[in-house]
């Protein structure tokens with residue numbers, strides 16, 4: 001089994017990966033269904049879901065800080081993936097601060113004071129070592145002027161806080177939105193991989209500021225997933241979902257919010273983001289199916 005930087009090294013050696021020689025399997029941090037004790041949502045958003053972290057929350061900050069430091073030193077420096085560790089450290093911090101946002105290489109280069117080609121190479125390093133993932137922009141009809149820029153997510157919200165130097169602070173309200181999106185992306189990707197569901201994930205954004213956090217495109221339909229960290233769900237929060245349903249960009253809709261009770265907003269189901277709901281597969285998993293289903297009343 002080869003993973004992380006070992007997989008990157010294999011690619012660099014031009015190893016023969018024709019069918020039958022290697023099988024791709026995706027591994028993830030823990031999902032909420034695997035947690036022995038279900039914590040409150042902010043606990044998951046603050047510390048993430050790495051197994052070692054969840055097994056020793058008293059030492060969570062130390063573990064995550066060591067993870068970030070060891071990754072920089074061992075995975076990047078010792079394997080000579082970059083010769084300028086200081087510039088990579090600046091880039092990684094900026095990438096963490098912009099986690100979950102629409103990313104352009106030019107903007108990251110300016111913020112981190114690193115030249116553009118080097119920034120692109122750094123992103124390639126993060127993807128090849130399985131530390132980050134691109135979420136492409138969905139463009140069903142170019143004439144609508146959808147955004148073509150992808151979003152970039154690190155693989156765990158605890159790791160995001162580690163590279164940003166935020167572990168010793170309480171979870172700030174400005175962190176909850178991006179952290180909850182990161183958690184939901186992780187849960188969805190893990191579900192798709194573990195259950196061999198297939199399909200493609202993307203985000204959606206137009207010049208008119210109609211935005212959707214995630215769209216899963218299956219063989220027969222598309223499901224829109226909106227994530228809101230607010231503890232109160234307002235009708236305006238579901239406007240994008242209902243708009244895309246009306247225009248048939250998506251054929252099913254679900255929202256996740258920071259409250260405590262399941263709701264219904266027109267054709268859209270609205271679920272709380274608490275780990276018990278995620279663990280019970282109630283939020284989006286019954287929608288991510290290759291079979292066609294109607295919303296239950």
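The values are calculated or read from the model by the stated rules, or taken from the named source; none is laboratory data. Keep in mind that what you see is a predicted model, and the values were worked out from it rather than measured. Cβ sites come from the backbone with ideal geometry, for glycine too, and all protein chains shown count toward neighbours.
Any idea which of 177, 165 is at pLDDT 90 or above and assigned to a helix (DSSP H, G or I)?
Numbers: 165 fails: assigned to a helix (DSSP H, G or I).
Checking each option against the conditions leaves just 177.
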In the stretch 154-177, is there at least one residue being more than 30 Å from residue 87 (Cα to Cα), buried (at least 21 other Cβ atoms within 10 Å of the Cβ) and in contact with a helix residue (DSSP H, G or I) (Cβ under 6 Å, 6 or more places away or on another chain)? no
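Search the stretch 89-111 for residues being in contact with a strand residue (DSSP E or B) (Cβ under 7 Å, 6 or more places away or on another chain) and part of a helix (DSSP H, G or I), and hand back the single one that is nearest to residue 180 (Cα to Cα).
Just the residues of the stretch 89-111 that are in contact with a strand residue (DSSP E or B) (Cβ under 7 Å, 6 or more places away or on another chain), to begin with: 95-96, 99-103.
Next, only the ones that are part of a helix (DSSP H, G or I) stay: 95-96.
Working: 95: 17, 96: 14 Å.
Per the stated criteria, the residue is 96.
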Within the stretch 112-122, the residues that are assigned to a helix (DSSP H, G or I) and either crowded, with 18+ Cβ neighbours inside 10 Å or in contact (Cβ under 8 Å) with a residue 60 or more places away in the chain (or both) are 112, 119, 122
Considering residues of the stretch 252-266 that are touching a strand residue (DSSP E or B) at 6+ places or on another chain (Cβ under 6 Å) and outside any strand (DSSP E or B) only, the residue farthest from residue 137 (Cα to Cα): 260
Expected output for the stretch 55-68 (first residue free of Cβ contacts under 8 Å to residues at least 24 places away in the same chain, partner loosely packed, with under 12 Cβ neighbours inside 10 Å, Cβ below 8 Å, 6+ apart or cross-chain) is 63/56
